[in-house]
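Chemist: Below: one structure in structure tokens.
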Amino acid sequence: MLRQLTALDAQFLNVETPTTAAHVAGLAILDSADGAVTRSALAQLLLDRVHLSPALSLRLAEVPLGLDHPYWAADPDFDIDNHLFEMTLPLPGDHWQLADAVAQIHARRLDRAHPLWEMHLINGLGEGKVAVYTKVHHAAIDGVSGAETLATLLDLTPDGHLTSSARRRAKAAPPAASAGVPDRAKATAPAPAPAPAPASASTPALTTVLVSDPAPAPAPSTTAGPNSDSASTPAAISAPNSDPARPRDNTPTLLDMLTGAALRTATHPVRAVQSAVRAAGDLDAIPVVGALPGAKLVAKAARMVTRDQHHRPDLPALVVPRTPLNGPISARRHLSFGSLSLKDVKNVAKANGMSVNDVVMSLCTSAMRSWLRERDALPEAPLVVAVPVAVRRAKAKDLVGNQISAMVAPMPTNLPDPVERLQAVGTAMGRAKRRFALAPATWLQELCSLLPAPVTSLATPAIFRLAGMACPPVNLIVSNVPGPQFPLYMCGGRVLSYYPMSVLTDMSGGLNITCFSYDGMLDFGIVACPERVDDVWGLLEHLRTALDELLDERVGDEFRDGVGVDLVAR
């Protein structure tokens with residue numbers, strides 16, 4: 001079955017320019033397990049498990065002349081040296097140096113000639129720690145499938161990767177009679193293996209796939225990858241695929257692509273009208289146009305035409321205020337990362353009768369208010385935030401791409417009292433969530449489907465840049481991805497923290513805040529354009545201060561026993 005990118009997936013490709021890189025990423029800080037986390041160990045782990053996630057093994061197959069959205073195709077020349085790199089920080093190897101090094105990597109776009117991901121092992125951190133930075137293109141994954149993809153590389157126990165490798169070797173062991181026959185796996189990329197059994201519905205997203213029976217691994221050799229400090233890489237990961245029996249039924253031919261392009265071009269006017277009508281049903285929820293006079297009436301009329309019976313709570317008309325965050329961005333990136341105690345956040349949520357996500361949004365609101373006030377740039381109107389929402393039904397191993405929508409809500413940065421801000425955030429987010437629960441918005445996908453693929457690919461960069469200058473739809477994006485509340489391991493090393501990092505565009509502005517709950521902590525990753533945000537580390541301090549403002553002093557003393565106070569390490 002041919003797998004083609006959806007209009008939304010393709011949009012993440014179209015948005016890329018010399019100043020915009022559209023990948024999502026994560027920075028894991030690990031205990032090195034006495035030096036067990038090495039490039040060669042990571043290479044072997046990837047070879048064992050790359051088959052568990054299509055996002056790691058498929059590359060783009062472009063349609064000639066950009067006549068249609070690209071397809072996903074198997075990479076016959078899969079080479080781990082195109083994806084796995086290693087570097088060492090200079091002394092003293094502190095978190096500021098780590099952030100600067102990762103920011104440079106994060107700013108670089110992925111090579112579309114290969115599967116759209118990279119992993120970087122970063123040594124030199126001190127205290128027996130290493131960092132692993134991984135980025136995957138947003139065309140291939142969203143937040144939830146990204147967590148599932150990460151899960152394929154993690155174990156529940158320090159020796160989980162060894163147990164998995166032992167099972168692999170036992171399965172791969174040839175019978176005695178064939179001992180003299182060359183092992184074809186030694187010269188090929190990893191072959192597909194049966195997918196693991198699905199986890200229960202209550203299993204956290206990051207633990208859907210942790211250990212499975214991997215594909216047979218090739219024998220090691222002494223091939224070193226680019227930018228690598230290591231001297232050895234498994235040969236099979238760097239050798240081209242010479243196996244004629246390898247399945248290629250998911251690789252589109254030129255005739256397949258041209259035929260599909262002709263068919264979709266002919267039927268596009270009908271599909272565009274359908275998308276426009278469906279998008280109009282949520283017109284009052286779409287940034288910018290939702291604030292226009294008559295938007296609610298048009299939305300109700302469109303829902304009548306489509307016989308959409310879902311009741312939608314009214315949303316406030318949102319006008320995006322001008323701030324230093326918005327406008328065209330540069331190619332440079334700055335980032336900061338740190339952790340807050342999840343226990344403290346849950347305590348605030350319980351005391352105020354709201355969700356953890358509402359408290360996270362309140363912390364971000366307070367941090368933005370303080371940061372803007374320091375620069376005499378706090379607008380009188382509340383900021384407007386976009387919150388990505390997963391609508392994923394299929395697992396990452398079953399579907400490449402995005403199943404997301406977005407909620408747009410006010411951030412009451414105009415309210416001076418922290419408790420009043422918290423309640424206002426809870427009210428605004430509650431209204432947005434009720435509307436989404438009753439009628440999940442599809443306008444993001446529908447808007448991406450309005451124009452033909454060739455026009456969209458050419459027009460998107462200009463549209464995004466113009467919107468960022470003239471009428472930005474939001475001030476920033478804030479994401480909160482839930483994770484497991486127990487320790488996980490990679491190559492025997494315990495994952496101490498995992499800081500997520502996302503995308504900046506001209507349209508969404510120069511700041512993105514993402515957090516990931518893991519093992520009792522909320523790990524924040526903040527990505528900024530330095531021309532828009534001059535002090536990205538200051539935002540982390542404001543997040544900590546915002547949490548302190550909301551904590552009851554007595555309860556805070558009970559729970560805050562040093563956990564989460566350090567903003568850059570545990």
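Chemist: Leaving out ligands, DNA and RNA, and with a 1.4 Å probe, what % of the accessible surface on the stretch 420-515 is carbon or sulfur? Walk me through the intermediate numbers first.
Modeler: Working: 2370 of 3360 Å².
Ligands and nucleic acids excluded, carbon and sulfur give 71 percent.
Chemist: Just for the Cα atoms in the stretch 1-95, what are the lengths along the principal axes, largest first, rounded to whole Å?
Modeler: 51, 33, 19
Chemist: Mind listing the phi-derived Karplus ³J(HN,Hα) values for the stretch 260-269, rounded to whole Hz, using 6.51, -1.76 and 1.60 with θ = phi - 60°, and x for any glycine or proline?
Modeler: x, 5, 5, 5, 6, 5, 5, 9, 4, x
Chemist: On to the next question. So for each of 51-64, 527-540 I average, over its residues, the number of other beta carbons within 10 Å; can you give me the resulting order with the highest mean first?
Modeler: 51-64, 527-540
Chemist: Calculate how many DSSP beta bridges within the stretch 424-541 are antiparallel, expressed in % of all such bridges and rounded to the nearest 5.
Modeler: Counting DSSP beta bridges with both partners in the stretch 424-541, the antiparallel share is about 70 percent.
Chemist: So, one more: Using label points projected 7 Å from each Cα along Cα→Cβ, tell me how many nm separate A470 and D535, to one decimal.
Modeler: 3.5
Chemist: If R₀ is 22 angstrom, what is the calculated FRET efficiency for the pair R322 and V277, using the beta carbon separation as r and rounding to 0.05?
Modeler: With a Förster radius of 22 Å, E is 0.10.
Chemist: Then there is this: If amide hydrogens are placed 1.01 Å from N in the peptide plane, which non-local residues have theirs closer than 5 Å to the one on A33?
Modeler: Distant-sequence amide H within range of A33: R494.
Chemist: Ok, one more. Between the stretch 58-120 and the stretch 461-516, what is the separation of their alpha carbon centroids in Å?
Modeler: 17
Chemist: In whole Å, largest first, what are the principal axis extents of the Cα atoms in the stretch 296-358?
Modeler: The Cα atoms of the stretch 296-358 stretch 49, 41, 20 Å along the principal axes, largest first.
Chemist: Still on this structure, I have one more. Pull out a ≥ b ≥ c, the square roots of the eigenvalues of the alpha-carbon gyration tensor of the stretch 445-485, then state rounded if a/c is under 1.5, prolate if not and a/b is larger than b/c, and oblate in the remaining case.
Modeler: Oblate is the answer for the stretch 445-485, as a/c is 1.5 or above yet b/c matches or exceeds a/b.
Chemist: Let me ask something else. Leaving out ligands and nucleic acids, and using a 1.4 Å probe, what accessible area per residue does the stretch 443-501 come to in Å²? List each step's numbers first, then the result.
Modeler: Values: 2220 Å² over 59 residues.
Each residue of the stretch 443-501 exposes 38 Å² on average to a 1.4 Å probe.
Chemist: Write down the accessible area per residue of the stretch 247-323 in Å², having rolled a 1.4 Å probe over the full set of protein chains.
Modeler: So the stretch 247-323 comes to 61 Å² accessible per residue, rounded to a whole number.
Chemist: Quick one: if you stick a label point 7 Å off each Cα along the C-beta vector at A266 and D81, how many nm between them?
Modeler: 4.7
Chemist: On to the next question. If r is the Cβ-Cβ distance from E549 to D256 and R0 is 60 Å, what FRET efficiency results, to the nearest 0.05? Don't skip to the answer; put the middle values down first.
Modeler: On the way: r = 59 Å, r/R0 = 0.98.
Result of the calculation: an efficiency of 0.55.
Chemist: Here is a follow-up. Where does the charge balance sit around L415 when Lys and Arg score +1, Asp and Glu -1, over other residues with C-beta under 9 Å from its C-beta?
Modeler: 0
Chemist: With a point put 7 Å past each Cα toward its Cβ, work out how far L458 is from L65 in nm, to one decimal.
Modeler: The answer from the label model is 1.1 nm.
The values are calculated or read from the model by the stated rules, or taken from the named source; none is laboratory data. Computed from a prediction, not measured in an experiment: that's the story for all the values here. For neighbour counting, all protein chains shown are included, and Cβ atoms are generated from backbone atoms with ideal geometry for every residue, glycine included. Surface areas here come from the heavy atoms of the whole protein model, side chains and all, with no ligands, DNA or RNA. Shrake-Rupley method; radii C 1.70, N 1.55, O 1.52, S 1.80 Å.
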